[in-house]
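What follows is a set of notes on a single structure, which appears directly below.
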Ligand code: ATP
Ligand code: MG
Ligand code: MG
Ligand code: MG
């Protein structure tokens, strides 16, 4: 590819709404362009990355025996009514109506459609097992689309669905997928962890999330450095010695574990760096139902002291709410503190640590509270006034760093992750709801045993950038870089030999099958280098007149601080 024919559009400044580095860099490097909240165009440079992610996923899915198809983005409501999910899914699922008044769904996932295909096409046990997958647009009307491609509304997912004759075979299919996922994420060259996740109503332990490790991740993951134990925080809580807690307490555990601010604007308001460990915090959260609708807004007041030993959590009781500690509703807290109804606003702090204030601020009034989101903060609330001495709530236990791992192999550690993949054993949940059967060996109809397996194709590049960047821009792993090599001739218009050498090397690299771009735009060296460092192409070859006279070009990996001279004749070997 020649840069003059391609499309390159870089920006000096990140957009104001870009809170995390991947969103900032993807926009500045011209990979994506925002059209609306959570809706982005993949610009030519960004699309190349997405295509490479897709290619790796496709290759490994095919290798694992899955077969590709494509299901409609717009799906008739009738199928979704069969499983009851048309009503259950809530506002995250986008619904539309056609000119005849018929309801449709824009696929947030595709269990219904694929089960419908299976019940028509897979008639006999002899056709099983089968695993269908697609790499397709999904739409989820996320309440808080944010972080660019990380939590979009329109995004690309690889979703696969396995169909098996019995449980044993379904579990084997699940393990094949879990193995394929490990190969896929290994190939991306990212640091990730596969963690046990909750398998919800289905039970069992066959659900794992693949989490790319990054401080800005929305999930907390618990693992033991001395063994294979790893789980997301919800699962770890469920397995904790105290057993599963009520939903609200689980959420509390979720917020309190890291003890760090991950909220950029709160950190900015307080003048502290991100991920500062805090002495105290106030938390509010919403309770949601299965469909993601808010059923109850709550405010919890927490004052943490010391190093966040969870056995020492002090919970400030709101007087008037007798019988010891309980969670107060927003309305109750507003009333208690004499705020106007609605003053605290639609609080939702489902994020790990949402609101961070120092204990001293508490007695000074004017706290900041609200959600972990710029527009949802409420400032000037006088939380601290008249609060009684914090009361110890003894039964509030938690999973914290330093706890003994459930397998007894050592202390637990906690870190943050970005969910890039999820594998899930479904059992007969969908096949029963949709009466999807095949003829078993005994000649009787039997329900399909199913599994589903997702990968966030467009979330993955964002996760990669969170993990791999510096102050100059993105640093792509080779596997998903938009181009593997960039050739930068220095003022070729003045030096015909430079142009000639660059063209020759370009042709040679292309012939070798290397994904190379030749920067023939005629930019000044400084601007040219800045662009490629921002875009993050891992290998750069600079061709200058002086070097050429000595038979040399310069090679610099995106991680290197300086270039190395390499004999022109050796550059190909050097790249390999
Ligand atoms: P999350 O917990 O982040 O909301 P999820 O558990 O709802 O994700 P799944 O239903 O498991 O997501 O979907 C499979 C994969 O699709 C996820 O592992 C994730 O990588 C990706 N994904 C889900 N929601 C989004 C989104 N809004 N934007 C981009 N990718 C997403
Ligand atoms: Mg979700
Ligand atoms: Mg999830
Ligand atoms: Mg998931």
Next on the checklist: Can you tell me the length gained on complete extension of the stretch residue 433 to residue 34, counting 0.36 nm per residue apart and subtracting the Cα distance?
Outcome noted: 139.7 nm
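For residue 440 and residue 561, compute 0.36 nm times the residue count separating them, minus their Cα-Cα distance, and round to one decimal in nm. Kindly include the intermediate steps, with their values, before the conclusion.
Values: separation 121, 0.36 × 121 = 43.56 nm, distance 6.36 nm.
Length gained between residue 440 and residue 561: 37.2 nm.
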Next on the checklist: Below 8 Å between Cα atoms, with a sequence gap of 6+, how large is the relative contact order for segment 503-576 in percent?
Outcome noted: 19 percent
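As an exercise, use a Förster radius of 30 Å and the Cβ-Cβ distance of residue 102 and residue 124 to find the FRET efficiency, rounded to the nearest 0.05. Please report the intermediate quantities before stating the final value.
Details: r = 34 Å, r/R0 = 1.12.
About 0.35, to the nearest 0.05.
Run the numbers on segment 463-508 and let me know its relative contact order in percent, using alpha-carbon pairs under 8 Å that are six or more apart. Don't skip to the answer; put the middle values down first.
Numbers: 21 pairs, mean separation 9.3, N = 46.
That works out to 20 percent.
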Checklist entry - Among 499, 565, which comes first, second and so on when ranked by fewest other beta-carbon atoms within 10 Å? => result 565, 499
Checklist entry - When a footprinting reagent is the concern and you count Cβ atoms within 10 Å, what order do 45, 150, 177 take, fewest first? => result 45, 177, 150
Checklist entry - Could you give the length gained on full extension between residue 144 and residue 411, defined as 0.36 nm per residue of separation minus the Cα-Cα distance, in nm? => result 92.6 nm
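Calculate, for residue 74 and residue 572, the FRET efficiency according to 1/(1 + (r/R0)^6) with r their C-beta to C-beta distance and R0 56 Å; round to the nearest 0.05. Intermediate values should be presented prior to the final figure.
Values: r = 49 Å, r/R0 = 0.87.
Efficiency for this residue pair is about 0.70.
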Next on the checklist: Under a crude label model (7 Å from the Cα following the beta-carbon direction), how far is residue 470 from residue 63 in nanometres?
Outcome noted: 3.1 nm
Checklist entry - So, in Å, what gap is there between the alpha-carbon centers of segment 498-576 and segment 148-211? => result 39 Å
Checklist entry - Taking Cα centroids, how far is segment 34-66 from segment 442-485 in Å? => result 8 Å
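Take every Cα pair under 8 Å in segment 430-576 that's 6+ residues apart, average their separations, divide by the length, and report that relative contact order as a whole percent. The partial results should precede the final answer.
Details: 202 pairs, mean separation 29.7, N = 147.
Reported relative contact order: 20 percent.
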Checklist entry - Going 7 Å from the Cα of residue 11 in the Cα-to-Cβ direction, what parts of segment 512-542 have a backbone nitrogen less than 15 Å from that spot? => result 535
Checklist entry - Given segment 76-136, what whole percent of its Cα pairs are spread farther than 17 Å? => result 48 percent
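Readers should treat all values here as calculations from the given coordinates under stated rules, not as data from a laboratory. Since the structure is predicted, the reported quantities are computational estimates derived from the model, not experimental observations. Virtual Cβ from ideal backbone geometry, glycine too; neighbours counted across all protein chains shown.
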